[in-house]
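Colleague: One structure, pasted below without further comment.
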Amino acid sequence: MTHHILKATKDTVHLGGFSHLLAPVLTVNSGDTIEVETYSGYYVYDKAPPDFLTPEFLDICQNLASERKIAGGPHLLTGPIYMRDAEPGDVLEVELTAIAPSLPVGFNAIRPGWGALPEIFPQPALRFIPLDLESNIAEFPTNSGIKIPLKPFFGILGVATPETSRISIPPGYYGGNIDNRELQAGSRIFLPIFVPGALFSIGDGHAAQGDGEVNVTAIETSMNGKIKLTLRKDLHFTTPIGETPTDIITMGFGQSLDAALEVALKNMIDFLERFTNLSPEDAYVLCSLAVNFRITQVVNSPQKGVHGMLPKAIFSHKINW
């Protein structure tokens, strides 16, 4: 097992999406750990305060090569990372062991035509929000005395697909802009692999977010993390599955919340069948009795997200998978 350090520079990040044609910036073996750096805010850097603009981030924004601008999404992603021996049909296990903001400031943006209520809030708005990294809180910027606990996570965790390019905004079977606030330090996500090497990328740091991410952004900020990548040839998933210390998470994406819920529910039933030996009907009943289905996000058009939370404590034995 090798430990790597992957800094975010104009040579190690890409903008706007995923592509299997993009050369990897790091090659790892199964079980390797990586200290990874990410930056957020490419589309607001010219409006940002000085403490948001590190020299390295400014260099990325001003000098990123055109071949590293993959698609029309707004996200800077660090990667891709190539996993040796990974083949289509395998699964990449991403263990998130540490996640922390690297700057004492983040931002929230309302973008015209986006969000859950674009007709009511049609005007653009940009707020930079101070982060107290020692106290682990954000001060809501209205002198209201509102303090928001920081619960950092990466909004985007994804792999490349055979398509030439894939925009970073909508989540899907490859992961991508999942925006699932449950995937904090101590959690794992399992991503199906579609191209040799997996070509994993990470980014879109969120210091805090409510379920739904209703105005289109969280507290977006640059984020550092430590991850462990493991190649799982014993698993065969077709969509991402997560695990926290307390829950198993299945995910569903669709053009409506109803469609996304149906997918998340079917994925949970399939998981229970495979790993707890329940019948389909018993799994369906258990979902109604014990699984909590939550809105992940409603703003990544055209794919909204719902995730199901299965409490591990209800089982008398550990689920092995």
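The values are calculated or read from the model by the stated rules, or taken from the named source; none is laboratory data. In this text, all values refer to a predicted model and were calculated from it rather than measured experimentally. Here the Cβ positions follow ideal geometry from the backbone for every residue, glycine too, while neighbour counts run over all protein chains shown. Each accessible area value is taken on the protein alone, full model and side chains, heavy atoms only, with ligands, DNA and RNA left out. Shrake-Rupley method; radii C 1.70, N 1.55, O 1.52, S 1.80 Å.
Colleague: From the backbone phi of region 94-109, what are the Karplus-calculated ³J(HN,Hα) couplings (6.51 cos²θ - 1.76 cosθ + 1.60, θ = phi - 60°) in whole Hz, Gly and Pro given as x?
Modeller: So the J values, rounded to whole Hz, are 10, 9, 9, 8, 8, 9, 8, x, 9, 10, x, 7, x, 9, 10, 10.
Colleague: For region 164-222, calculate the relative contact order in percent as a whole number, restricting contacts to Cα pairs under 8 Å that are 6 or more residues apart.
Modeller: Value for region 164-222: 25 percent.
Colleague: By a straight-distance test (C-alpha under 14 Å), which aspartates and glutamates pair with Lys233 as possible cross-link partners, with residues fewer than eight away in the same chain excluded?
Modeller: Asp85, Glu87, Asp90, Glu93
Colleague: For region 209-299, which trypsin sites (Lys or Arg not before Pro) are in a loop by DSSP, counting at most 13 other Cβ atoms within 10 Å?
Modeller: Taking region 209-299 and a limit of 13 other Cβ atoms within 10 Å, the loop trypsin sites (Lys or Arg not before Pro) found are Lys233.
Colleague: Further question: Can you run the Rg to Rh ratio on region 99-167? Use alpha carbon positions and the Kirkwood inverse-distance Rh.
Modeller: Value, to two decimals: 1.08.
Colleague: Ignoring ligands, DNA and RNA, what percent of the accessible area of the chain is carbon or sulfur (1.4 Å)?
Modeller: Numbers: 7290 of 13650 Å².
The value for the chain is 53 percent carbon and sulfur by accessible area.
Colleague: Just to be sure I understand: with springs between alpha-carbon atoms less than 10 Å apart, which residue in Asn177, Asn277, Asn300 has the highest mean-square fluctuation in the Gaussian network model of the chain?
Modeller: Asn277
Colleague: Just list whichever of Lys228/Lys318; Lys226/Lys266; Lys69/Lys304; Lys7/Lys312 have alpha carbons separated by over 28 Å in the model shown.
Modeller: Numbers: Lys228/Lys318 22 Å; Lys226/Lys266 32 Å; Lys69/Lys304 25 Å; Lys7/Lys312 36 Å.
Check vs 28 Å cut-off fails for Lys226/Lys266; Lys7/Lys312.
Colleague: By average Cβ neighbour count within 10 Å, what is the ranking of 212-219, 137-144, 30-37 from highest down?
Modeller: Details: 212-219: 21.5, 137-144: 13.5, 30-37: 18.9.
Those peptides, ordered most packed to least, come out 212-219, 30-37, 137-144.
Colleague: Contact order normalised by length for region 227-321, with contacts defined as Cα pairs under 8 Å and 6 or more residues apart; what percent is it?
Modeller: 31 percent.
Colleague: Hey, can you rank 95-105, 309-319 by average C-beta count inside 10 Å, highest first?
Modeller: Answer by packing, highest mean first, reads 95-105, 309-319.
Colleague: Quick query: amide H of Leu150 versus all other amide H atoms, modeled in the peptide plane; which residues come in under 5 Å with a sequence gap of 5 or more or a different chain?
Modeller: Amide H to amide H, under 5 Å and 5 or more residues apart or across chains, Leu150 pairs with Ile137, Ala138.
Colleague: Could I ask something else about it? How large is the charge dipole for the chain, taken about the Cα centre, if only the Cβ atoms of Lys, Arg (+1) and Asp, Glu (-1) carry charge, to the nearest 20 debye?
Modeller: 100 debye
Colleague: Below 8 Å between Cα atoms, with a sequence gap of 6+, how large is the relative contact order for region 131-286 in percent?
Modeller: Here the relative contact order equals 19 percent.
Colleague: What Rg and what Dmax come out for region 1-48 when only alpha-carbon atoms are used, in angstroms?
Modeller: 13.4, 42
Colleague: Using the Cα centre of region 272-321 as origin and beta-carbon charges of +1 (Lys, Arg) and -1 (Asp, Glu), tell me which of Asn277, Ala290, Trp321 is placed farthest towards the positive end of the dipole.
Modeller: Trp321
Colleague: Under a point-charge model restricted to the Cβ atoms of Lys and Arg (+1) and Asp and Glu (-1), what is the dipole moment magnitude of region 150-271 relative to its Cα centre, in debye to the nearest 20?
Modeller: 480 debye
Colleague: Please list the equivalent ellipsoid semi-axes of region 12-157, computed as the square roots of five times the alpha-carbon gyration tensor eigenvalues, in descending order and whole angstrom.
Modeller: 30, 20, 16
Colleague: Apply the Karplus curve 6.51 cos²θ - 1.76 cosθ + 1.60, θ = phi - 60°, to the phi angles in region 265-281 and return the couplings in whole Hz, x for Gly and Pro.
Modeller: So the J values, rounded to whole Hz, are 5, 4, 5, 5, 4, 4, 4, 5, 4, 6, 10, 10, 6, 7, 6, x, 5.
Colleague: Positive end of the dipole of the chain, charges at C-beta (+1 Lys, Arg; -1 Asp, Glu), about the Cα centre: which of Tyr45, Val214, Thr27 has its Cα farthest in that direction?
Modeller: The listed residue farthest towards the positive side: Tyr45.
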